[in-house]
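Report on the structure given below.
Values quoted throughout were computed directly from the atomic coordinates according to the rules given, and no laboratory measurement underlies them. Worth saying up front: this structure is predicted, and the values here are computed from it rather than measured. For neighbour counting, all protein chains shown are included, and Cβ atoms are generated from backbone atoms with ideal geometry for every residue, glycine included.
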Amino acid sequence: MGNISTNKLGGLALIVGPVVGLIFYFIQQFGVVGSDIDPSKGELVAKAFAGNASLTILTAIGITIGLILLLHGVMQLVKESGDALSSLGVKFIIVATAGWVVGNGITASIAGDIQNGGLYGAAAGINQFSTIVFTLGFVLINLGIAGKDFINKNVAYVVALVALVGLICAIIGGFDSSTLQTMNLIGGIVYIIFTLWSIWRGKDMMARE
């Protein structure tokens with residue numbers, strides 16, 4: 001295992017990372033918060049976190065690990081591509097991942113002590129801005145890698161368009177909290193598409209080794 005190549009590890013990270021993140025995200029959203037709670041209602045969400053503290057902390061850790069693995073895979077993909085646009089895009093992904101890690105840390109602190117519930121607004125703001133930055137990064141990366149021989153150009157453009165939809169939804173949700181629940185639902189669908197794309201790219205990267 002210590003001799004694994006950078007492409008194989010990068011491909012594996014692209015496959016495993018988003019799946020791990022997605023599983024723990026859905027557990028947190030539906031197993032802890034519940035689909036009936038509006039994410040803009042901070043007091044209710046904070047109570048849900050504190051009411052199921054162990055699962056909240058576990059999912060926050062799982063989401064963080066998944067995001068870091070995804071980041072590693074994307075960085076390897078961009079390194080292999082070597083184009084200017086995706087090189088810029090990965091900087092956005094790095095910043096977004098850092099933001100989400102901080103947001104998950106705040107979520108865990110709320111779960112550990114309901115007195116920290118007032119921090120939910122900060123966590124929600126960080127997560128929302130991280131989503132904006134992340135989706136913008138994905139737009140740039142897919143536009144950048146589209147010209148490479150080992151990339152299906154049409155698929156890259158479709159994923160870039162999906163990322164643009166996610167970007168628009170994240171901006172709308174950031175400006176109008178009353179739309180946050182609907183925008184987050186659309187964002188979840190966008191992330192599922194990202195996950196499928198990432199698995200495909202990961203398998204392709206490992207096959208090229």
### Task
With N denoting the number of residues in the chain, provide Rg(C-alpha) divided by 2.2 N^0.38 Å, to two decimal places.
1.03
### Query
For the chain, what number of Lys pairs, 8 or more residues apart or on separate chains, have alpha-carbon atoms under 25 Å from each other?
14
### Task
Note the angle between two axes, namely the Cα long axis of helix 153-175 and the longest principal axis of the Cα atoms of the chain, as a number of degrees from 0 to 90, rounded to the nearest 10.
20
### Summary
Magnitude of the Cβ-charge dipole (Lys and Arg +1, Asp and Glu -1) of segment 6-204 about the Cα centre, nearest 20 debye, reported as 420
### Query
With axes computed from alpha carbons, what is the tilt in degrees of helix 53-81 against the longest principal axis of the chain, rounded to the nearest 10 within 0 to 90?
20
### Summary
Helix 120-145 sits off the longest principal axis of the Cα atoms of the chain, rounded to the nearest 10 on a 0 to 90 degree scale, by 10
### Query
From the Cα gyration tensor of segment 65-111, with a ≥ b ≥ c the square roots of its eigenvalues, which class applies: rounded if a/c is under 1.5, or else prolate if a/b is larger than b/c, or else oblate?
oblate
### Additional length obtainable on full extension of the chain from Asn154 to Asp204, 0.36 nm per residue less Cα span
16.4 nm
### Along each principal axis, Cα extent of segment 4-103, largest first, Å
46, 27, 19
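First check a/c for segment 38-79, with a ≥ b ≥ c the square roots of the eigenvalues of its C-alpha gyration tensor; if it is under 1.5, answer rounded, and if not, answer prolate when a/b is larger than b/c or oblate otherwise.
Numbers: a/c = 7.29, a/b = 2.40, b/c = 3.03.
Judged from the Cα gyration tensor, segment 38-79 comes out oblate (a/c at least 1.5, b/c at or above a/b).
Expressed as a rounded percentage, what relative contact order does the chain have, with Cα pairs under 8 Å and six or more residues apart? All intermediate terms of the calculation are to be shown ahead of the outcome.
Numbers: 317 pairs, mean separation 59.3, N = 209.
Contact order relative to length: 28 percent.
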### Selected from Leu196, Ile172, Asn104, residue furthest toward positive end of dipole (segment 6-204; charges at beta carbon)
Leu196
